[in-house]
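Take a look at the structure below.
The values are calculated or read from the model by the stated rules, or taken from the named source; none is laboratory data. All figures in this text were calculated on a predicted structure; none of them were measured in a lab. Virtual Cβ from ideal backbone geometry, glycine too; neighbours counted across all protein chains shown. SASA here: full protein model, heavy atoms, side chains in, ligands and nucleic acids out. Shrake-Rupley method; radii C 1.70, N 1.55, O 1.52, S 1.80 Å.
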Amino acid sequence: MRFLEVKDWTPGYLNVTPQHMTILARCEACGSEREFDRTGLPFSVRHALITDIEARLRCSACGAKAGRLRFGSYA
């Protein structure tokens, strides 16, 4: 199974991202990647800009704040 990223996806806000779309959080520093659980976010952050959420991401593997969200699905 591999992840197919939607290259031109720019939702702006997390709350307009369809529920069927998978979101991966990728650390640009070390390359670590895992699924992003949007249901675990506080309610106030669920309506935030994607760029604001990316600025808050911290890698659980290396501790860097170099996260980027990728949108797509598995095939």
- line: Only one of Thr17, Thr51 is open to solvent by 60 Å² or more (accessible area, probe 1.4 Å) and out of contact with any Ser or Thr (no Cβ under 9 Å at 6 or more places or on another chain), namely Thr51
message: Just to be sure I understand, how many residues within the stretch 20-30 are open to solvent by 40 Å² or more (accessible area, probe 1.4 Å) and either among the basic types (Lys, Arg) or in a strand (DSSP E or B) (or both)?
response: 1
message: Testing Glu5 on (1) under 12 Å from the mean Cα position of the chain (by Cα); (2) open to solvent by 60 Å² or more (accessible area, probe 1.4 Å), one condition comes back false. Which one is that?
response: (2)
query: Restricting attention to the stretch 12-20, does a residue exist that is of a type in the set (Val, Ile, Thr), in contact with a helix residue (DSSP H, G or I) (Cβ under 9 Å, 6 or more places away or on another chain) and modelled with pLDDT of 90 or more?
result: no
- prompt: Of all residues in the stretch 13-60, which are over 26 Å from Ala75 (Cα atoms) and of a type in the set (Asp, Glu)?
  reply: Asp52
query: Would it be correct to say that Glu35 is surrounded by 13 or more Cβ atoms within 10 Å (Cβ to Cβ) and free of Cβ contacts under 8 Å to residues at least 40 places away in the same chain?
result: no
